[in-house]
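Read through the structure below, which is laid out as structure tokens, and then see the notes.
The values are calculated or read from the model by the stated rules, or taken from the named source; none is laboratory data. Owing to the predicted nature of the structure, the values given are computational and were not obtained by experimental measurement. In this analysis, Cβ positions are derived from the backbone assuming ideal geometry, glycine residues included, and neighbour counts consider all displayed protein chains.
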Amino acid sequence: MRRTACLLLSMVVVFCALSLFANRAHAFTGTHAKMKVRIPWVDATSMKELQALTTLDVMKWTPGEDLILVSNEDQLAHIESFGFTTEVLVADMEEHYASQREATRNFGDYYSYSEMIIHIDQLHFMYPDIIGEKFSIGTTHEGNTIWALKVSDNWELEEADEPEVLFDALHHAREPITVNVLVETLYHIGANYGTDPEVTFLVDNRQTYFVPVVNPDGYLYNETTYPGGGGMWRKNRRDNEGSSCYGVDPNRNYPYMWDNGGISYDPCNDLYLGPTPASEPCVQAMINLMTAHEFIVHDSYHSVVGVILMPWGYDSDIACPDDELFREFGAAMSGDSGYPVGPAGEMINYDCSGNTTDWAYGEQMLKNKIYSYCTEVDGSSFWPNDSEIPGLVAENIPKNLYLMRGAGVFLSLIDLVVSGGNGDDKPDPGETVDLTITLRNDAIITDAENVILTVSSQDAYVQMIGAQASAGSVPARGTAGNGDDPLSFSVDAACPAGHVIELTFDVSADGFALTFSRSFVVGDLPVVFSDDMEAGVNDWTHEVGSSGYSDEWHLSDQRNHTGGGASSWKFGSTGSADYTDMADGVLITPRITLGSYTQLRFWHWMDAEVSSYYQGQAYDGGIIEMAINDAPWVQIIPDGGYTHVVRPSSQPFEGGTPIYSGQFDWTLGMVTLEGVMGDAQFRFRFGSDGNTGGEGWYIDDVSVVGLTSSNQAPTAPVLVSPEDGETVLSPVPALVVQNATDPDPGDELTYGFRVYADELMTVPVASVTGVTEGTNTTTWSVDPPLADGTYFWQAFADDGTERSLCMATASFTTSGGLDVADNEWGGSLAFRGISPNPSHGASMLKFILGSPGKVEARIFDLQGRTVRQITKTLPAGAQGIHWDGRDQAGQMVSGGMYMFRLTTGQADVKGRILLVR
Ligand SMILES: [Zn+2]
């Protein structure tokens, strides 16, 4: 796919010629037809030389590759006179686009100004709770309104604790894709609010403003001249005094470093900077909006370069003070779009002063500093075919959500390590394991404070031991975890190997709360298929993936993963030789019968062509597909995802397809499939486009492990009584559940019940298994009897092979129950620690009580004064006393060090609690 340097000779001539000329920019009036022009093979140096000749209107440029620009006859002649080779791709862009779009009306699938208004009204009508009514931020030269709208949970209120975000589009009238990106982002937010946890959080905890059309006059002008689309008008429609030409470039009219290069003084030029800084009403409207708010982050949308620009635009030689942060955050935001990040001077050798982003970031007297980007949406032209729109929109929506994350604290669970037990990094039946979690804070500047992790599970084989831990603070753009304070849980010895546990992690911090879930397989899964490729082809087959392409799969002794072995499957030519162009070959496993849970495991080695310019994008590579019960092949996604996505318009895969590519040594790949049952085949599919190869893809040591049992677990029982939160006047309350159902005919169900002293379900008080099923409902009277207090309980069903999930946790309070005489203190007491420690307000003092009876907990300040005294009558066993961080009068005590003493008469334990507020 890389273009060859076929024009080296002509460029040598150019360099010689250029050195003779003065460095003076030439202005061109732009009144001629706009041409799309290609100048082949332009590196950074020759780009500088070209810029010295004339003001360039760049559409596409990658250093060392073709420069595509908008030009005209005069300018082209000027460029050519300096020895540059040029090629006119489109002689009249407007006529060309318009003819392509002849049958189209109202800009086709692009949202015209009036359609944009209809859509934002519609969005407010569809999602009135989260998408606000449109409001005017100003009026243009021609009296058109510049509309804005706000997205937030209480959009009619200014919520000072919710960081603010700004998106705008269409400063330039010929960049309609930018309007679609914003409108479709709004639809995405509306449709996913309440179901997608990230979108829901970002709506509830951010105030996000959208200005979908900054320059309605220019946009309406294009609609007048080319109603189907294709108009190339860029500027607004100022009636310039003393000139017959209209328009100012709004993205050269912002007051910060106005008139500092990359502009034109000619009112007829597309880069005309305007008579005075902020002379344009649309620029004033944006300035007023930005000074009226405290935007943390901003993205100003343009097209069509396919890059993310950052300050400074006015001078590529000056790094802005936050250069490193802009680059790092921008690269993370870019994600699968693959848009590279940098200042305009660096990305397109194109200084531009007076632009939006420089002002948003640089102006710090009238408002705070805004971390402001300018996304140049990719695409084949200013008016890409309608069919390109969905792809271009899709690659920018995750980017927008990431920018919204960055405005404030946003924690993601990025790593989870299981340790302890027998040391095999996974929980086995009967084991107790620790969990250490790493969190990343996506905020651009806000540190996450008071980070607390709480783990829970509805799994009936799991017992929480350490359910809450502190991760302290997580710096902006950094990571931290609970390494010093592991969470832990145990797995019941009765848990079948291969059982999948789902744990729920509640992550909270100041201004942040979000829930993540993660699954673990207990024990070792039975192997249902395995082949180390040492005994020949066996039942594997391979063939062409799609007609017209080549299949190069073969058994190779070039590379091998198997210990003591010699061979593997290779896609590529024999020996170490590269794979061919235009390849598409599939390597197919034998048929394998899958149960309710399956892992496909394979070792692979890769050398395939990626884009050196678009990070994370590839031209060639491999994917995995599956066919179940003879249904068509579908791509399946490995755990942790593929390494790249396919560049648009590569073959044989569609642009945007996730794919393995690049170079890596032998690596274990794994695909986990839940609930996919039946006769399956997997295939490894390698494809390449028409240019440039690599050694290829090797596959070795393929296995499929999984549950083969067809037993299905019963449903969870449902609470009947006591009602959640009810007070029960008995020390032995009857716990009643609605019977579960079991999908397998003939299985008899029994029930288990568990009662805990704490809401985190770490202090068990009473439990039972094997309770016989009753008619419609099943009942257990708690044994041993309970002291007065509040308890939390769960129940589950068991079909003899597997347990159901637990009933949703419920609580009850016993009162006037167990009668314990004053002198009946508890016996021995073994202290088991404080959870969480440090405490953030509420904490549990945990201990094992030798015999039932009273336990007193007393909290002292450092002067020895009693802050709180709590006495509880508790059964023997693992117990806890909960201190809510309040004094005897119910007031919250201030943060700091406190002492505690636990007393049973026989035992006396002292210690410290650090309370962090
Ligand atoms: Zn633009």
* Structure fact -> Inside the stretch 427-454, the number of residues satisfying the requirement of being assigned to a strand (DSSP E or B) and buried (at least 22 other Cβ atoms within 10 Å of the Cβ) is 8
* Going by the conditions given, is Leu587 surrounded by 20 or more Cβ atoms within 10 Å (Cβ to Cβ) and either part of a strand (DSSP E or B) or not polar (S, T, N, Q) (or both)? -> yes
* Residues within the stretch 222-252 that are free of Cβ contacts under 8 Å to residues at least 60 places away in the same chain and either surrounded by fewer than 21 Cβ atoms within 10 Å (Cβ to Cβ) or within 13 Å of the ligand (Cβ to nearest atom) (or both), tallied -> 7
* Taking the options Ser334, Ser381, Ser353, name whichever one is among the hydroxyl-bearing types (Ser, Thr, Tyr), away from the ligand (no atom under 15 Å from the Cβ) and out of contact with any Ser or Thr (no Cβ under 8 Å at 6 or more places or on another chain). => Ser334
* Single unsatisfied condition, Glu294 versus (1) away from the ligand (no atom under 16 Å from the Cβ); (2) touching a Phe, Trp or Tyr at 6+ places or on another chain (Cβ under 6 Å); (3) of a type in the set (Asp, Glu) -> (2)
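Given the residues Glu328, Glu280, Glu324, which is the only one that is of a type outside the set (Phe, Trp, Tyr), in contact (Cβ under 8 Å) with a residue 40 or more places away in the chain and more than 16 Å from the ligand (Cβ to nearest atom)?
Selected residue: Glu328, the only one of Glu328, Glu280, Glu324 that is of a type outside the set (Phe, Trp, Tyr), in contact (Cβ under 8 Å) with a residue 40 or more places away in the chain and more than 16 Å from the ligand (Cβ to nearest atom).
Can you tell me which of Thr145, Thr185 is surrounded by fewer than 20 Cβ atoms within 10 Å (Cβ to Cβ) and at pLDDT 95 or above?
One residue alone meets the criteria, Thr145.
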* Asked: Would you say Gly274 is buried (at least 24 other Cβ atoms within 10 Å of the Cβ) and within 14 Å of the ligand (Cβ to nearest atom)?
  -> no
* Are there any strands (runs of 3 or more DSSP E) wholly within the stretch 483-528 with 2 or more residues that are surrounded by 19 or more Cβ atoms within 10 Å (Cβ to Cβ) and among the acidic types (Asp, Glu), and if so which? -> none
* Asked: Can you name the number of the only condition in (1) under 19 Å from Ser721 (Cβ atoms); (2) modelled with pLDDT under 95; (3) surrounded by fewer than 22 Cβ atoms within 10 Å (Cβ to Cβ) that Val782 fails?
  -> (3)
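Is it true that Tyr619 is modelled with pLDDT of 95 or more and buried (at least 21 other Cβ atoms within 10 Å of the Cβ)? Let's see the steps before the verdict.
Values: modelled with pLDDT of 95 or more: no; buried (at least 21 other Cβ atoms within 10 Å of the Cβ): yes.
For Tyr619, the condition - modelled with pLDDT of 95 or more and buried (at least 21 other Cβ atoms within 10 Å of the Cβ) - is not met.
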* Asked: For the stretch 159-190, what are the residues that are within 16 Å of the ligand (Cβ to nearest atom) and within 22 Å of Ala360 (Cα to Cα)?
  -> Phe167, Asp168, Ala169, Leu170, His171, His172, Ala173, Glu175, Thr178, Val179, Val181, Leu182
* To do: Could you please give the count of residues in the stretch 256-279 that are in contact with a Ser or Thr (Cβ under 9 Å, 6 or more places away or on another chain) and in a loop (DSSP other than H, G, I, E, B)?
  => 15
* Asked: Which residues, taken from the stretch 253-265, are farther than 15 Å from Trp312 by Cβ and either among the acidic types (Asp, Glu) or buried (at least 24 other Cβ atoms within 10 Å of the Cβ) (or both)?
  -> Asn253
* **Phe210 being modelled with pLDDT of 95 or more and more than 16 Å from the ligand (Cβ to nearest atom)** => yes
* To do: Report, by residue number, each residue of the stretch 752-765 that is touching a Pro at 6+ places or on another chain (Cβ under 9 Å) and either in a loop (DSSP other than H, G, I, E, B) or modelled with pLDDT of 90 or more (or both).
  => Arg754, Val755, Tyr756, Ala757
* To do: Determine, yes or no, whether Gly420 is over 27 Å from the mean Cα position of the chain (by Cα) and either modelled with pLDDT of 90 or more or not polar (S, T, N, Q) (or both).
  => yes
* Starting from the stretch 477-490, keep only residues that are farther than 11 Å from Ser412 by Cα and among the hydrophobic types (A, V, I, L, M, F, W, C), then list their pairs with residues that are at pLDDT below 95 and not in a strand (DSSP E or B) whose Cβ atoms are within a distance under 7 Å, requiring at least 6 positions of separation or different chains. => Leu487/Ala467
* To do: Check whether at least one residue in the stretch 298-312 is away from the ligand (no atom under 16 Å from the Cβ) and either part of a loop (DSSP other than H, G, I, E, B) or without any contact (Cβ under 8 Å) to a residue 24 or more places away in the chain (or both), and report yes or no.
  => yes
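Going by the conditions given, is Ser550 within 30 Å of Pro496 (Cα to Cα) and of a type in the set (S, T, N, Q)?
no
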* Asked: When only residues in the stretch 769-779 that are surrounded by fewer than 17 Cβ atoms within 10 Å (Cβ to Cβ) and not in a loop (DSSP other than H, G, I, E, B) count, which is farthest from the chain's Cα centre (by Cα)?
  -> Thr772
* **Positions within the stretch 258-278 being over 17 Å from His172 (Cβ atoms) and either in contact with a helix residue (DSSP H, G or I) (Cβ under 6 Å, 6 or more places away or on another chain) or small (Gly, Ala, Ser) (or both), in sequence order** => Gly261, Ala278
